[in-house]
Structures are given as structure tokens and as C-alpha cells.
DNA sequence: GTCTTTTATACCTTTATGGGTATAATCGAT
DNA sequence: ATCGATTATACCCATAAAGGTATAAAAGAC
């Protein structure tokens, strides 16, 4: 059904930060201005997301998307 | 006309890496499998891009998009 | 300077994201 | 165990991204 990957850097980051802040998905969507559906998709690891929407959420936690070297972990999971 | 920002982390990263590799935009699009138009938009700093397409290009350079703390530089340009 | 290559901008079409809503499923507190 | 809140999945629609093509501008070689 859904072959999304919840265990990617961005999904895990948002989920953990949100929980640390004791917020619900709804509250996060409300505070960041993105749709609730987007927060869900983001945390569930939907592959195709718009960078500015992701950044809209990350900004709330003082972060943003930037290019970083592949971790050995990631490289392994990609078979590179 | 275009109020895009060429001077963002991702655009600059791709542009510099591509030039270091002495590749044309066409070659990069060809090797990464994304459209030539996308490489252009990416390097020109189009605000809304799909994360998987960006990653498709970054992967070629051994990188990927991940959440990183806002730099003072970025924070200043955002007025945060 | 000219000519060629590369890059930038503009228009059009197809496709899929984001958003909304509704419904299940899961988790928590009691 | 029940009941409420939170999270997950499924549907539809409007909008915009990605791609293609064509043209203009810029950069390089000569």
C-alpha cells in the first residue's frame, strides 16, 4: 500500500521535535501554516514533497533543508 | 521578473559542484535523469522544488537534503 | 571582431502535490 | 473494559511543478 519510508532524516526529525515539544500534528500544522495533511505526509515519509513546505515546518524548529554528505547508513540502504 | 534566490545552499552547491566537474547543465541532467529545465530551475534558485528530484541530483554528488540548523547568515536574511 | 556553445527566459501540456474532508485505526486516560 | 483524543488512510479538486520546445542572452574559442 504505502511503501513510504518513515525512517528518513527529515521525517524522524520532525516527529521527534514535535513530540519533544508536546505538540499534536494539528497544532504543528496550525503554527507552521501548512495543512494537516502535509504534516502527516511529511512524518510518514512521503517521497515527493515541496521543499518550501518542508522548510516552512523546519523553520519552526530553527532548521532548513541543505545538502549534506550521504551517511554510511544511507549509502548502505541505497546500495551505493 | 524572477525574484528567485540563486544564493541559497542548494543552488550554490549544485552549481559549484557541476563546474568543478566541468559538466554542462545538459550533461548533469542527462546523467542524473532529471529534465534539463529542472537543473536550470534548481541552479537559478526556484523556490518550490520536489525533494526527490533535488535528491536525485544531489545523490550524484554523494549528498542529500537533510534538516540543518539555520546559519546566522540565513537567520539574518530571514529577519529571525 | 565572428561563430559556437552554454545558459537563461517564455510558453504550453501533463501530472501529481497539497489541501480539505470523511472514515478507520491507534493510543491514552480513566 | 469504555470513551476521548490523536494519528492514519482514502477520496476528490485546484493549483503548480516538471518536462519539452523554442527563442534570447551570455560566455568562450578563435
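Please treat every number below as a calculation from the coordinates, not as lab data. These numbers were taken from a predicted model, which means no experiment stands behind them. We place every Cβ from the backbone using ideal geometry, glycine too, and count neighbours over all the protein chains shown.
Which value at 222 nm does chain B reach when only helices count, each DSSP H run of 4 or more adding -39,500 (n - 2.57), with the total divided by all residues and rounded to the nearest 500 deg cm²/dmol? Taken over chain B, the calculation gives -16500 deg cm²/dmol. For the pair residue A:50 and residue B:77, label points projected 7 Å from Cα toward Cβ lie 2.1 nm apart. Shortest first, residue B:6 label-point distances to identical copies amount to 4.4 nm, with the label point at 7 Å from Cα along Cα→Cβ. Across the identical copies, the 7 Å label point of residue A:21, projected outward along Cα→Cβ, sits 3.6 nm from its counterparts, in ascending order. Distance distribution P(r), chain B, all Cα-Cα pairs, bin width 10 angstrom from 0: 17, 52, 25, 6 percent.
Relative to the other identical copies, residue B:75 shows label-point distances of 3.2 nm, where the label point lies 7 Å from Cα along the Cβ direction and values run shortest first.
Separation of region B:45-80 from region A:46-80 is 8 Å, based on Cα centroids. Determine which chain B residue has its Cβ at minimum distance from the rotation axis mapping B onto A, giving the value in whole Å. Reported as residue, whole Å: B:65, 2. With contacts defined as alpha carbon pairs under 8 Å and 6 or more residues apart, what's the relative contact order of chain A in percent? Relative contact order of chain A: 30 percent.
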